[in-house]
Structures are given as C-alpha cells and as structure tokens.
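To start, the structure itself, in structure tokens.
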Ligand code: CP
C-alpha cells in the first residue's frame, strides 16, 4: 500500500487486507441493493480518468461509478489527446490533475507508471492497469463476482485459460486468491504463454495446489470456475507469434457440454474469438454480469479511498431528503 500524506492509493489488490476486502465487497453489495442511498454522496467531488491506453469497461465504469455517486468526471481517453504527446511526464501530469480533481484512475502501458503517479500525487490514485503488471480493479471485480456467484472466496478449483504470460488480470487474480483457503489452480495455456515461473515458484513455496496443462478439454469437467482470457495482440513483439496463438482456445457449446452445470465462466473482456458468441446465452456465462459487479465495486472503492464513511452516507441522505 502506498500512502502519501495520509492519502490512500490502490496499486495492487494486495493493498487491501482480506478484512478490508470483505468490507469493500459488503459495501458494493449494499450499493447494488440500495443505489438511491448513495446517489448524492459524492456531490461536489471530481474523478479524473487519465487513460494513456485504450479501454471501454474500466474507464466507462469508473466514470459511471462517480456519476452514480453524484460526483463529476474529467479526463482523457488516449495519450495523443493529452500533453503526454508533447513530452509531459506522468509525475507532472498527476500534479496538475491534483489541482483539479479529488481522485484519479490511471491506465498506462508502462509497468509502474501508476506508482510513479501516486508518489507525486496530491489525491488518491487508482491503478487502472499498468502494462503487463497489475489491474487491481479488475481483480476486485473478479473477486466480487466469484463471491456473489460461488457464495464465498474459498474452496473451489479455478481454471485460468489463454494468455497466462502477459495477462495482468490473471497475475493479479492469482495473487489475490492465494490469501483464501481451499483454492486449487489449473493453468491452461500453450507452452509459449505459460504462467511466469515466479508465480509457480510462489505457489510451490506456499503449498498451494496447481497444475499446468495445454488442453482445455482434459480439465474442463473438474472446474468450478473457468476464467478465459484474450491473447493480447498489444503485448506481442512479433505479429507472427500472435497470429499463431490467437485462436489456440475457443470455448464453444461442444466444449462446454463437458463442464459441470454449476461451473461459471468468467472473462475480463474484451473477448475476441476465445468464447463463441453462442455460449453467451448459457446460464453459466457470467462475463457480462461480471461487468455489472465491476461498477458496484468501483463505486465502493471510490467511497473507500475518499474516506466517505457510513456517517457521510447518512448525512448525505438526510441532507438530500430535507426540503
Ligand atoms: N477488462 C478491461 O480492463 O477492459 P477494458 O480494457 O475495456 O477497460
């Protein structure tokens, strides 16, 4: 956890303890159930979204989260429309943004960029994805989705399938899940996109069960959750390798027929070809519900980092209800 001048930032999912995560998810559940109670709590507050890399879900869900909390939003959606195109550093940009906004969500193609920003910031910074490193709010989304659908964050076998080498959502999710009990990992990837050695070494050291396989068909009947990922063109140095690997896995109805009726399919999205569209109507397909959980958890996160407690909620509600 980076804390500067009593500011709290989010750089990795590990910045929250398991107890803090429970409170964050409880709040997200409450927001989902009682959205009107939260509709004015951020009045007068501004979120800046500084996105140096493309995004649909993360940027729009952050912006929606702040708007649904009664706040406002400023920002840029690509580096070329910001002064980064004139050579401005991330450190200078965040100092400028700190003069305008109360909280910032930043996505950047370089690993560690959000951490550089946090060190210079006058406002809480949320890492909305830094290169192949971390994507903590996707992990919060994934954890809330699993908690809601599976009923708890313990005692399940999860298959992670696709690009396990460059996939920052996968790396963040593994780190987050090892703090819960009874989790077994099945890593499903082509040899070229295996999960990095430092992760398998960490799992061995902690005696956390895992296996690595190439064929999805062999393991799909054993899974409680299947987390599909996209092979990311933008992380490859070589177009030939990308073309060779991009369609290595395609989850279709036929493959899904071997899975348990209770197995949920998650995907951080965007999807390309790795899940056939005809799977979308299967009750086990949970990836669009996952997007909705992402909104609630980001609303909860904004309240937490701005230190807006239940007192503020009650106060805001009273003020709002007064004539
Ligand atoms: N899951 C995710 O990060 O999606 P975007 O790239 O669209 O934000």
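For the stretch 146-161, what are the residues that are assigned to a helix (DSSP H, G or I) and under 20 Å from residue 187 (Cα atoms)?
146, 150
Given (1) within 16 Å of the ligand (Cβ to nearest atom); (2) out of contact with any strand residue (DSSP E or B) (no Cβ under 8 Å at 6 or more places or on another chain); (3) over 30 Å from residue 30 (Cα atoms), where does residue 95 come up short, assuming only one miss?
(1)
Is it the case, given these coordinates, that residue 164 is surrounded by 19 or more Cβ atoms within 10 Å (Cβ to Cβ) and more than 22 Å from residue 15 (Cβ to Cβ)?
Yes.
So, residue 143, is that one outside any strand (DSSP E or B) and under 15 Å from residue 15 (Cβ atoms) or not?
Working: outside any strand (DSSP E or B): yes; under 15 Å from residue 15 (Cβ atoms): yes.
Yes; evaluated as a whole, the condition is true for this residue.
Go through 224, 278, 247, 252 for me and flag whichever is more than 24 Å from residue 185 (Cα to Cα), touching a residue at least 12 places away in the same chain (Cβ under 8 Å) and either surrounded by fewer than 19 Cβ atoms within 10 Å (Cβ to Cβ) or touching a helix residue (DSSP H, G or I) at 6+ places or on another chain (Cβ under 8 Å) (or both).
That would be 278, the only listed residue that is more than 24 Å from residue 185 (Cα to Cα), touching a residue at least 12 places away in the same chain (Cβ under 8 Å) and either surrounded by fewer than 19 Cβ atoms within 10 Å (Cβ to Cβ) or touching a helix residue (DSSP H, G or I) at 6+ places or on another chain (Cβ under 8 Å) (or both).
Kindly establish whether residue 118 is within 16 Å of the ligand (Cβ to nearest atom) and in the same structural domain as residue 23 (by TED's automatic domain parsing).
Judged against the criteria, residue 118 is not a match.
Exactly one of these conditions fails for residue 158: (1) more than 16 Å from the chain's Cα centre (by Cα); (2) over 26 Å from residue 241 (Cα atoms); (3) outside the structural domain of residue 258 (by TED's automatic domain parsing). Give me its number.
All conditions are met except number (3).
Every residue in the stretch 131-159 that is in contact with a strand residue (DSSP E or B) (Cβ under 8 Å, 6 or more places away or on another chain) and within 15 Å of the ligand (Cβ to nearest atom), please.
Once the filter is applied, which keeps residues that are in contact with a strand residue (DSSP E or B) (Cβ under 8 Å, 6 or more places away or on another chain) and within 15 Å of the ligand (Cβ to nearest atom), the stretch 131-159 yields 131, 134, 135, 136, 137, 138, 142, 145.
So in the stretch 276-295, with the set limited to residues that are outside any helix (DSSP H, G or I) and closer than 25 Å to residue 28 by Cβ, which one is nearest to the ligand (Cβ to nearest atom)?
Step by step, filter the stretch 276-295, then rank; the result is 286.
The values are calculated or read from the model by the stated rules, or taken from the named source; none is laboratory data. Every value quoted in this text rests on a predicted model; they were computed, and no experiment measured them. A quick note on method: Cβ atoms are made from the backbone with ideal geometry, for glycine too, and the neighbour counts reach across all protein chains shown.
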